[in-house]
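Below: one structure in structure tokens.
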Amino acid sequence: MTEDWTKWESLVINGMYPLRRFLTRSDHSVVFLTEYAQGGAADAAIKLIPADPVSSGAQIAQWQAMAALSPPYLIRIFDSGRCKLGGHPFLFIVMEYAEQTLAQILPQRALTLDEVRELLPPTIGALGFLHARNLVHCRLKPPNFLVVNDQLKLASDAVRPAEDRDGRVTPAGDIWALGATLVEALTQHPPDERAGAISLPDTLPPAFADTLRRCLSAERPAITDLDAQFKGAPAPPFIAAAQPTNAAPSTPPVAPAAPAIPPAPPMAAPARPAVAPIPPIIPVAPRVAAQWTLPRKRLLVPAAAALVILTVAWAGTRLFRGHSPPQPPPPIASAAPSAAQPAASTATGSPSAPAAAGAPATASVIHEEMPEVSRMARASVRGTIKVIVRVSVDRSGKVIAQSLVNRGSSRYFARVAGEAARKWRFAPDSRESRQWLLQFEFTREGTAGHASPR
């Protein structure tokens, strides 16, 4: 797995899955961004693993079984099979594209107790589904806690039938791994087994701390015990706060309906032998930004209201201006007050007047779209992050193509800037196509953006 995998970008696996962009690799696998339109997900992740003649058939059969189950709170598997890449045999698995992983935030800070409590319902729901069917997750570690469309999910490509083999592949092994992950989430460090006792924050409630210690002991609770202890409302979208605060919490967003878990036979408490450490994890999700993304549903209403207000204001200025010569517009607002309120467009003048080459972007910009930035991402900014996007515009003023000129220091901000750039609108022009440079500047206080003709 020491290949330069970027050279395989643009290849197509089995005539179906283009390798759009190299994402990440481990000692045993490599992950690319691909497409899977049949599953209603334009973006998907395809993972390639060197084929083992002995175990390949069983591995594909297990992936196909998981795809047929479509378990709740686990990454969906779209397809799997065999392929060749560079003359070498591989297995491939096509899965949901995960935006973020827990492993990306822990180097920056620990989770709060409230965030860990939000993490528990989907995790317990996924493990309960698996353990009731004599399946185990096997690799429960921070890289395999993933966010897909603001919903926490566990990786599913390592799931396998439970085996009583030295206590490694058993439900009890999953409980140990869950306890170790929660300790790492709260302290930024995995538990030290040699120390004999784990170090936990003093702010943890005694009952919660005791549960973590039992998960890492020889006498571990079953997943049914944890479900009874933490049973509550369906898991809300996972939101990580920028930092712990003593202020009164705001009203939480309404959580989307959780998928129903198919009926399963009653779960018996698993055997509780001493479990050795879980083997090293194989990353299954691309690294994106080092923060959890705030759900966007809460932003739709204020963003729509702001758009209506801007449209009315723009129309009013044109009505009162009459036929007087156009005046130079004021500078574009330096920053938006929040991610939910895009900066107001300052473009004025006749939309039919094309901008001369090298002229400032005055009357040619009809609509500006500021990127939607999560609260956590905003809090992570130090200084100013600048992203420059080149867009191609057709005669009608619609953006038809885009490319990143300057990605800045964060893939996350580059992505949201690219998404916003597609929504900019320019004045109609008789030229077949034009190019503009859109520069976005992100700070803790807000987002600013301006356009200049190329």
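What follows draws every value from the coordinates through simple rules; no lab data is involved. Remember, predicted model here, so these are calculated numbers, not experimental data. When we count neighbours, we look across all protein chains shown, and the Cβ atoms used for this are built from the backbone with ideal geometry, even at glycine.
Please arrange 199, 156 by how many other C-beta atoms lie within 10 Å of their C-beta, fewest to most.
If I rank by nearby Cβ atoms, fewest first, I get 199, 156.
Please give the contour-minus-distance gain from residue 230 to residue 398: 0.36 nm per residue of separation, less the Cα-Cα distance, rounded to one decimal in nm.
55.4 nm
Further question: Could you give the nm distance between label points at residue 379 and residue 9, where each point is 7 Å from its Cα heading toward the beta carbon?
3.3 nm
Taking amide H positions as placed 1.01 Å from N in the peptide plane, with prolines and chain starts having none, which residues 5 or more places from residue 136, or on another chain, fall under 5 Å of its amide H?
160, 162
Give the order of 78, 426 when sorted by the count of other beta carbons within 10 angstrom, beginning with the fewest.
Starting with the residue having the fewest Cβ neighbours, the order is 78, 426.
Subtract the Cα-Cα distance of residue 187 and residue 38 from 0.36 nm times their separation in residues, and report this length gain in nm to one decimal.
Full-extension gain reported as 49.5 nm.
Determine ³J(HN,Hα), in whole Hz, for all residues of the range 200-214 in sequence, where each value follows from phi through the Karplus function 6.51 cos²θ - 1.76 cosθ + 1.60 and θ = phi - 60°; x replaces Gly and Pro.
In residue order, the calculated couplings are 10, x, 5, 7, 5, x, x, 5, 5, 4, 5, 4, 4, 5, 5 Hz.
Placing unit charges on C-beta atoms (Lys and Arg positive, Asp and Glu negative, everything else neutral), compute the dipole magnitude of the range 5-96 about its Cα centre in debye, rounded to 20.
So the dipole magnitude of the range 5-96 works out to roughly 160 debye.
Report the extension gain between residue 54 and residue 390 in nm, rounded to one decimal, defined as 0.36 nm multiplied by the number of residues separating them, less their alpha carbon distance.
Stretched fully, the residue 54-residue 390 segment lengthens by 116.0 nm.
With Rg and the Kirkwood Rh both taken from Cα atoms, where does Rg over Rh land for the range 356-442?
1.01
7 Å from Cα along Cα→Cβ at both residue 64 and residue 210: what's the point-to-point distance in nm?
Spacing of the two 7 Å Cα→Cβ label points: 4.9 nm.
Sticking with this structure for a sec: Quick check on the exposure proxy: order 91, 111 from fewest to most C-beta atoms within 10 angstrom.
91, 111
Can you give the FRET efficiency for residue 452 and residue 21, using 1/(1 + (r/R0)^6), R0 = 30 Å, r = Cβ-Cβ distance, to the nearest 0.05?
According to the calculation, E is roughly 0.60.
Lys and Arg at +1, Asp and Glu at -1: add these up for the other residues within a Cβ distance under 9 Å of residue 136 and post the number.
Local charge sum for residue 136: -1.
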